[in-house]
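Engineer: Before I ask anything, here is the structure I am working with.
The values are calculated or read from the model by the stated rules, or taken from the named source; none is laboratory data. Remember, it's a predicted structure, so these values are computed and weren't measured experimentally. A quick note on method: Cβ atoms are made from the backbone with ideal geometry, for glycine too, and the neighbour counts reach across all protein chains shown. Just the protein is used for accessible areas: all its heavy atoms, side chains included, with ligands, DNA and RNA removed. Shrake-Rupley method; radii C 1.70, N 1.55, O 1.52, S 1.80 Å.
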Amino acid sequence: MIELKQIQKYYNPGSVNEMCLFDDFSLTVQDGEFVSVVGSNGSGKTSMLNIICGSIPIDQGQIIVNGVDITVRKDYLRHRSIGRVYQDPSKGTCPSMNILENMSIADNKGKPFNLGRGTNKAKIESYRDLLRPLNLGLEDKMYTQVGSLSGGQRQALSLLMSTMTPIEFLILDEHTAALDPKTAEIIMRLTDQIVKEKKLTTIMVTHNLRYAVEYGNRLVMMHEGNVIVDKAGEEKKNVQTEEIMSVFNKISVECGN
């Protein structure tokens, strides 16, 4: 379970550009929840993910994970139990390395760093078995540089790599936004499959309202650092895309967009 308690976050404090993004912000994500988060630009969606992952500090409040206060814990320690996929496919992989080398790095996440060979060729077949269900032909490209793959192939690989080691939480930051519609659909089906098979507590930020409605068991809409819509369980199942779009448009009009 992830708990954000009374979070306060200022950007550029003490300057003429000072902005308060979160003021007494709280949110709890229960074990096993797949939360889709939507909202306009600047609503705090990605900043919330960065706070959970430790990419940015908070000014006040607490971050509690499974009953443990991790507010001051370093990001690399948090990532032992967190997998994250970014909007940019290049951020989750090393483009100058081949698929085997990338998967080997992901496979060693959280393990002690001892001197030894960087890649374990004995695991090549097991890696191919992981890649084969993607139906993207990556199992036959183990020695291909990741930088030469398509955006969809790289994002699928990034998603797979982020969940190779045992993790509890999956953080998805608009991970289909840079993909064409057909590839985005493939990545979303893959995402849903992995989340269900591994029983991961997941937070997915997306601008695609249809994905937010169709996937996950909870939907949250944010605006100006606050949660203005929060639907879970049966209430979430009954949500229609048009309903969320109506709320979204109303906010845009009120903000002068």
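Engineer: At a threshold of 8 angstrom on Cα-Cα distance, excluding pairs fewer than six apart, so keeping six or more, what relative contact order does the chain reach in percent?
Structural biologist: 27
Engineer: Let me ask you something else. Quick one: what are the phi-derived ³J(HN,Hα) couplings along region 187-201, Karplus 6.51/-1.76/1.60 with θ = phi - 60°, whole Hz, x for glycine and proline?
Structural biologist: Each residue's phi maps through the Karplus curve to give 5, 5, 5, 5, 4, 4, 5, 5, 4, 6, 5, 9, 6, 8, 6 Hz.
Engineer: In addition: Which aspartates and glutamates, if any, have their Cα less than 13 Å from the Cα of Lys123, not counting same-chain residues under 8 positions apart?
Structural biologist: Hits, sequence-local ones excluded: Glu101, Asp107, Glu139.
Engineer: Roughly to the nearest percent, how much of the accessible area of the chain is carbon and sulfur, given a 1.4 Å probe?
Structural biologist: 49
Engineer: Next question. Which listed residue (Ile58, Asn135, Asn102) has the Cα farthest towards the positive end of the charge dipole for the chain, taking +1 on Lys and Arg C-beta and -1 on Asp and Glu C-beta about the Cα centre?
Structural biologist: The residue sitting farthest along the positive end of the dipole is Asn102.
Engineer: Accessible area per residue, 1.4 Å probe, Å², for region 123-164: what's the number?
Structural biologist: In whole numbers, region 123-164 has 43 Å² accessible per residue.
Engineer: Using only DSSP helix segments of four residues or longer, with each worth -39500 (n - 2.57), what per-residue ellipticity at 222 nm results for the chain after dividing by its residue count and rounding to 500?
Structural biologist: Computed mean residue ellipticity for the chain: -9500 deg cm²/dmol.
Engineer: If you don't mind, there's one more thing I want to ask. Pull out the extension gain between Glu224 and Asp31, defined as 0.36 nm times the separation in residues minus the alpha carbon to alpha carbon distance; nm, one decimal.
Structural biologist: Extra length from Glu224 to Asp31 when fully extended: 66.9 nm.
Engineer: Continuing with the same structure: Please give the charge dipole size of the chain, origin at the Cα centre, charges +1 on K and R Cβ atoms and -1 on D and E Cβ atoms. Round to the nearest 20 debye.
Structural biologist: The dipole magnitude comes to about 1000 debye.
Engineer: To the nearest 10 degrees, how steeply does helix 241-254 sit against the main Cα axis of the chain, on a 0 to 90 scale?
Structural biologist: Tilt of helix 241-254: around 50 degrees.
Engineer: Continuing with the same structure: Please list the non-local residues whose amide H lies under 5 Å from the amide H of Thr144, H modeled 1.01 Å from N, same-chain partners needing a gap of 5 or more.
Structural biologist: For Thr144, whose amide H was placed from the backbone, the distant partners under 5 Å are Ile99, Leu100.
Engineer: Additional query: Straight-line reach from Lys237: which lysines have Cα under 20 Å away, leaving out those fewer than 8 places along the same chain?
Structural biologist: Lys196, Lys199
Engineer: In degrees between 0 and 90, to the nearest 10, how far off the longest principal axis of the chain does helix 151-162 point, with axes built from Cα atoms?
Structural biologist: The angle comes out at about 90 degrees.
Engineer: Please list, in chain and number order, the residues 5+ apart from Arg84 or on another chain whose amide H is under 5 Å from its amide H, with Hs placed from the backbone.
Structural biologist: Those lying under 5 Å, H to H, from Arg84 are Ile171.
Engineer: Nothing charged except the Cβ atoms of Lys and Arg (+1) and of Asp and Glu (-1): what's the magnitude of the dipole of region 130-257 about its Cα centre? Round to the nearest 20 debye.
Structural biologist: 360
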